[in-house]
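See below for the structure under consideration.
All of the numbers you see were taken from the coordinates with simple rules; none came from a lab. Source: prediction; values computed, not measured. Glycine gets a Cβ as well: all are built from the backbone with ideal geometry, and neighbour counts include every protein chain shown.
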Amino acid sequence: MSLAGVGSASFIRGVDLTWAASTGWSRGAAPVDAAPVADSSGVHVSASLQRRTARISAAVRVGDGRAAVAAAERLGAADSPLAARLGTLGASWKLREVIGTARPRGGCVAVTIEGGQLPASPGLEQDAARAAALIRHEMRVELAAGAEPTVAARQILGAAEPGEAAARAAWWSLAGSALPPSAGPPPWPWVRAPSSGRGDPPRRAR
């Protein structure tokens, strides 16, 4: 369990004194946060997408939550290499969402892109494969840059309101509290979501 407070100096002193005067809680077991054991991929038809558009989501677990969040910050920047290189592909691929999460065991980075005006099969699969390869490459590059010492502070101070800042501070204090994952390449979950418009059925990419 983790507690955090945001407020004036007198408020924080009061929190400290109250906590010091309490009996606390019995020490519990470490949090359970098992890492995936293998890569996974899947394809599904999405009713939310227009015909000849597609969505690709990729996520990876890593051993350092700070590195995951720092990588997500860089990947999601408006001037990131990922955003620029997506613009060079021929299917109007655009970056829709980048999420970096610090977990009790390491962290996770997830990237979602969408593309429009995709060609008919097999061009759709080829364009999606190129876009997926680009995502994976840029994620590896940013993760290789490692963590930044101030990433947790930036995330806490960047909260929109005090309650959110306190929640982030409490979570960051728990991040990494479980044992690190075993050595080895991280597993990559992939999902590609083509549109539900009529046309060629989706195929499973390998």
- Give me the number: length gained by fully extending S41 to A159, i.e. 0.36 nm times residue separation minus the C-alpha to C-alpha distance, one decimal in nm. 39.1 nm
- How long is the gain from D79 to I99 if the chain were fully straight, where each residue apart is worth 0.36 nm and the alpha carbon distance is subtracted? 5.5 nm
- Query: Tell me, what HN-Hα J-couplings in whole Hz come from the Karplus equation 6.51 cos²θ - 1.76 cosθ + 1.60 at θ = phi - 60° for each residue of the stretch 70-81, using x for Gly and Pro?
  - Reply: 5, 4, 5, 4, 6, 5, x, 5, 4, 9, 5, x
- Cα-based Rg / Dmax (Å) for the stretch 14-164: 19.7, 68
- Message: Could you order the peptides 98-107, 60-69, 20-29 from most to least packed, using the average number of other C-beta atoms within 10 Å per residue?
- Response: 60-69, 98-107, 20-29
- Within the under-14-Å Cβ sphere about P31, not counting P31, Lys/Arg +1 and Asp/Glu -1 give a net charge of +2
- Note on the structure: Classified through the alpha carbon gyration tensor (a ≥ b ≥ c as square roots of its eigenvalues; rounded if a/c is under 1.5, else prolate when a/b is larger than b/c, else oblate), the stretch 1-84 comes out prolate
